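Only the coordinates and a few stated rules stand behind these numbers; no lab work does. Just so we're clear, the structure is a prediction, and the values are computed from it rather than from any experiment. As a convention, Cβ positions derive from the backbone with ideal geometry for all residues, glycine included, and neighbour counts pool all protein chains shown.
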Amino acid sequence: MIRFGVIGAGRIGKVHAKTIASNSKAQLAYIADAVPQAAQDLAAQYGAKVASVEEIMKASDVDAVLIGSPTGFHAEQIQAASNAGKAIMCEKPVSLSVAKIEETLKVIEKNKSTLMIGFNRRFDPSFAAAEKRIRAGAVGDIELITVISRDPSPPPAEYVKGSGGIFADMMIHDFDLARFLMGEEFVSVSALGAALVDKKIGEAGDVDTAAVQMQTKSGRIAVITNSRRATYGYDQRLEVHGSKGMIHAKNMHETTVELQTAEGYKTDPIMNFFLERYLPAYTNELNLFINAVETGNRDPKPSGFDGLQAQKLAEAATQSWKTGLPVKVS
């Protein structure tokens, strides 16, 4: 039984609390949040205790810390948990600073801690099945990857000010997914962006519509497009084209029911947002992390290195958008 302390009782903290409480190999022991009432409400829901971050780090009855706090706290909390001898699962990104991530990974290495980063899309059953077939050679040599991600509605403009921008906040999931599918690092990034959905997002210094082209050393290409608005639901698709063919993963609908009449074909809407679309992925993600803790696997994937590489791509994309020039990635 892996005993968890969860840091953060907001939207993502609630998701993780639910998956932990539902897992027979896990126990939700403590909840911490800067808003006491939020921690109390979530703890009461699952029979956990409320504690401070410091108390969770010191607790002898906590084996693993799950970090779902705001991004600005991730790196320092990872380091504190590592120094306290805890296994760590942290939501993306590790930090908005590549240098801070590198510093954090040195602490992880020194303490020989288990660290996993929450790029949950790798664990979506459809995306995972596609990657497995790609690795088995189903499409031959990869030539082109396309990833589409569109949220149903934009966040408040106030949110984007502390988010790191669309490339670090939203597209970072797709950077990791592209690396996961490609199996090769990207060395060049070109980005475009505009505030076409909400002009207040532009006034806050960010964009809500973005496209990125990336290329590997061998010449393989990935194209990612993001939008903060999709009037029809949560749009999540990918396609991988190769020398032998193409594989793609479609959107998930609320049901598989399809009505066919003289007026045409009608299906139910696609799932509304990430809570519905990726709930199985969060469950699968937690199972892998628990297995890593049980078996002593210090480097479960997505790893701290994966978090570092995704942030490098996010920084390169942000720079490319601002300068209008391609950016090389070390």
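Counting Lys and Arg as +1 and Asp and Glu as -1 over every other residue whose Cβ lies under 12 Å from the Cβ of ILE148, the net charge comes to -1. Any chance you could tell me what percent of the C-alpha pair distances in region 2-113 go past 19 Å? For region 2-113, the fraction of Cα-Cα distances above 19 Å is 39 percent. Computed from label points 7 Å out along Cα-Cβ, the spacing between ALA44 and VAL329 is 4.5 nm. Distance between the 7 Å Cα→Cβ label points at SER97 and TYR265: 5.2 nm. Using Cα atoms only, what is the angle between the long axis of helix 98-111 and the major principal axis of the chain, expressed in degrees (0 to 90) to the nearest 10? Once rounded, one gets 40 degrees. Under 21 Å Cα to Cα from LYS132, which lysines show up? Leave out anything in the same chain fewer than 8 places away. Of all the lysines, those that pass the test against LYS132 - Cα under 21 Å, at least 8 places apart if same chain - are LYS244, LYS250, LYS301. What distance in nm lies between label points placed 7 Å from Cα along the C-beta direction at LYS217 and LEU196? Taking the two extended label points, one gets 3.5 nm. Here region 185-330 is treated as a sphere whose radius is the Kirkwood value from Cα pairs; by Stokes-Einstein at 10 °C and 1.306 mPa s it diffuses with a coefficient of 85 µm²/s.
Other residues within the sphere of radius under 12 Å centred on the Cβ of LYS322, judged by their own Cβ, net out at -2 (K and R +1, D and E -1). With θ taken as phi - 60° and the Karplus curve 6.51 cos²θ - 1.76 cosθ + 1.60 applied, the whole-hertz 3J(HN,Hα) list for region 236-248 is 9, 9, 8, 9, 10, 10, x, 5, 10, x, 9, 10, 9 Hz, x standing for glycine and proline. Straight-line cross-link partners of LYS217 among the aspartates and glutamates, defined as a Cα under 20 Å from its Cα and at least 8 positions apart when in the same chain: ASP141, GLU143, ASP174, ASP176, GLU184, GLU185, ASP306, GLU315. Per-residue 3J(HN,Hα) values for region 301-317, derived from phi via the Karplus relation 6.51 cos²θ - 1.76 cosθ + 1.60 with θ = phi - 60°, read 9, x, 9, x, 5, 4, x, 5, 5, 5, 5, 4, 5, 5, 5, 5, 5 Hz in sequence order (x marks Gly and Pro).
Taken about its Cα centre, the chain carries a charge dipole of roughly 480 debye when the Cβ of each Lys and Arg holds +1 and the Cβ of each Asp and Glu holds -1. Positive contributions from Lys and Arg (+1) and negative ones from Asp and Glu (-1), summed over other residues with Cβ under 15 Å from the Cβ of LYS86, come out at -1.
Between ALA81, ILE20, ALA44, the Cα set farthest toward the positive side of the dipole of region 1-143 (charges on each charged residue's Cβ, about the Cα centre) is that of ILE20. Dipole orientation for region 74-214: of the candidates SER153, LEU196, ILE172, ILE172 has the Cα lying most toward the positive pole (charges on Cβ; Lys, Arg +1; Asp, Glu -1).
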